1. Name every residue in the stretch 85-115 that is surrounded by fewer than 24 Cβ atoms within 10 Å (Cβ to Cβ) and either among the β-branched types (Val, Ile, Thr) or without any contact (Cβ under 8 Å) to a residue 60 or more places away in the chain (or both), in order of residue number.
2. Condition first: within 23 Å of Ala31 (Cα to Cα) and either modelled with pLDDT of 85 or more or buried (at least 16 other Cβ atoms within 10 Å of the Cβ) (or both). Now tell me which residues in the stretch 69-83 satisfy that.
3. If you scan the stretch 120-141, which residues turn out to be surrounded by fewer than 17 Cβ atoms within 10 Å (Cβ to Cβ) and polar (S, T, N, Q)?
4. Take Ala32 and tell me if it is under 24 Å from Asp146 (Cβ atoms) and at pLDDT below 95.
5. Check the stretch 204-220 and report whether any residue there is at pLDDT below 95 and within 22 Å of Thr131 (Cβ to Cβ).
6. Quick check, is Thr175 more than 23 Å from the chain's Cα centre (by Cα), outside any loop (DSSP other than H, G, I, E, B) and among the polar types (S, T, N, Q)?
7. Could we say that Thr167 is within 29 Å of Glu29 (Cα to Cα) and over 18 Å from the mean Cα position of the chain (by Cα) here?
8. Find all pairs meeting these conditions: Cβ atoms under 9 angstrom apart; at least six residues apart or on different chains; first residue within the stretch 148-160 and under 12 Å from Ala204 (Cα atoms); second residue of a type in the set (A, V, I, L, M, F, W, C) and assigned to a loop (DSSP other than H, G, I, E, B).
Amino acid sequence: MSTQMHDHIVKSYDDEQRRLLNETLRMGEMAASQLEAALDVVQRRDDKAAERIIANDEAIDALETEVSHDVMKLALRGPMARDLREILAAIRIASDIERVGDYAANVAKRSLALNLSPPLPHVSGLHAIGTLAVQQVRDVLVAYRDNNVELAQRVRARDADLDVAYTALFRELLTYMMEDARSITPCTHLLFMAKNIERIGDHATNIAENVWFLVRGEEALPPREKRDSSSTTAAP
């Protein structure tokens, strides 16, 4: 094979890898924006905007399909070990982003039901944990873009803060439901929305762990603190 042809093949492969990275990052930004928009419609009680967010979830699903096709094209080009890690990480990260989009759409769907009840003060608590989750997603996308293991590890460590905030809101809502039976239905919707947001944090953590895998291979991850105690929380 001539040097010129070899250089052309390498450049073509690099271009495809860059396209895959950019597609995945675009998908991630769409998911983060979906979550921000969902948090906004919960506060504004805007049914029409919520319906638009739910419909937009299809765009994220379509991008995941594109990423999968591009991954297959790269896989058929006979990649080396690092390239294989990039391909595997891209598949996993695209899947996590797709789930983030699903959870954001679920928050928007629940907001439609929540709007049938009088406003609850706990919506601000939901917005607070949602803002933490948005930052987690945005930061981990930067870590993926830059192959930044240190930033990925900080995102992974910060998931404990999201767990603490989620557990606190969970306890508040349980207490409120016990004090006022009329609040049970809207509080239940808020509990499901909060759980969706907590799961988004878990998916950001998964992406962080894939950045570690991409850069460090099979090297063991440092231990991580997990502080979601809602499953063992008894109502007071």
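The values are calculated or read from the model by the stated rules, or taken from the named source; none is laboratory data. Note that the coordinates shown come from a computational prediction; the quantities given were computed from them, not determined experimentally. Quick reminder, even Gly has a Cβ in these numbers, built from the backbone with ideal geometry, and neighbours come from all protein chains shown.
1. Correct list: Ile87, Ile91, Ser95, Asp102, Lys109.
2. Correct list: Asp70, Val71.
3. Ser124, Thr131, Gln135 - these are the residues of the stretch 120-141 that are surrounded by fewer than 17 Cβ atoms within 10 Å (Cβ to Cβ) and polar (S, T, N, Q).
4. no
5. no
6. It is true that Thr175 is more than 23 Å from the chain's Cα centre (by Cα), outside any loop (DSSP other than H, G, I, E, B) and among the polar types (S, T, N, Q).
7. Yes.
8. Once the first residue is under 12 Å from Ala204 (Cα atoms) and sits in the stretch 148-160, its partners that are of a type in the set (A, V, I, L, M, F, W, C) and assigned to a loop (DSSP other than H, G, I, E, B) give Gln153/Leu221; Arg156/Leu221.
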